[in-house]
Amino acid sequence: MTINCMGRISVATPGTPVPLSTDPTVTASKLFFQVIPGLTGKTYVGNPAMTKATLAGTARVLWPNASGGFSETFYIESQDGENSIRVMDYAVDADVAGEGLLVTYWTE
């Protein structure tokens, strides 16, 4: 298994989801999202067409960790254990410009 650390995926304009990739060949067996300590706004994980105002297309809402305590996470794993998750099918949005999530994925 190979770890691929994407780092912080930041949202320049809240309400405009940032896709994790535009390359359809990037696939993963596991996908992990973590709130970054010290940020102040909610963040969202969903498909690239998600609308955070109505939560349409949103898979998870992650609450901020402004004080540096426990950070919420969201983890997706393919049921077949293979690289069957298309990374481009997921995106991040945020309530505060410049904020985002720490994103990592694993390949087999």
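Tell me which residues, restricted to segment 1-17, are open to solvent by 40 Å² or more (accessible area, probe 1.4 Å) and either in a loop (DSSP other than H, G, I, E, B) or of a type outside the set (Lys, Arg) (or both). Even if it seems obvious, please write down each step before you answer.
Residues of segment 1-17 that are open to solvent by 40 Å² or more (accessible area, probe 1.4 Å), as a first pass: 1-6, 8, 10, 12-16.
Selection gives Met1, Thr2, Ile3, Asn4, Cys5, Met6, Ser10, Ala12, Thr13, Pro14, Gly15, Thr16.
Scanning segment 39-48 for residues that are at pLDDT 95 or above and either closer than 16 Å to Asp89 by Cα or of a type in the set (Ser, Thr, Tyr) (or both) returns Thr43, Tyr44, Val45, Gly46, Asn47, Pro48. Hey, does segment 11-19 have a residue that's more than 17 Å from Lys52 (Cα to Cα) and in contact with a helix residue (DSSP H, G or I) (Cβ under 9 Å, 6 or more places away or on another chain)? No, that holds for no residue.
Looking across segment 19-48, the residues that are open to solvent by 40 Å² or more (accessible area, probe 1.4 Å), in contact (Cβ under 8 Å) with a residue 40 or more places away in the chain and either farther than 25 Å from Glu82 by Cβ or not in a strand (DSSP E or B) (or both) come down to Thr22, Asp23, Pro24, Thr40, Lys42. Just so you know, in segment 49-89 the residues that are hydrophobic (A, V, I, L, M, F, W, C) and modelled with pLDDT under 95 include one that is most open to solvent (accessible area, probe 1.4 Å), and it is Phe70.
The values are calculated or read from the model by the stated rules, or taken from the named source; none is laboratory data. This is a predicted model, so every value here is computed, not measured. Quick reminder, even Gly has a Cβ in these numbers, built from the backbone with ideal geometry, and neighbours come from all protein chains shown. The accessibility values were calculated without ligands, DNA or RNA, using every heavy atom of the protein model including side chains. Shrake-Rupley method; radii C 1.70, N 1.55, O 1.52, S 1.80 Å.
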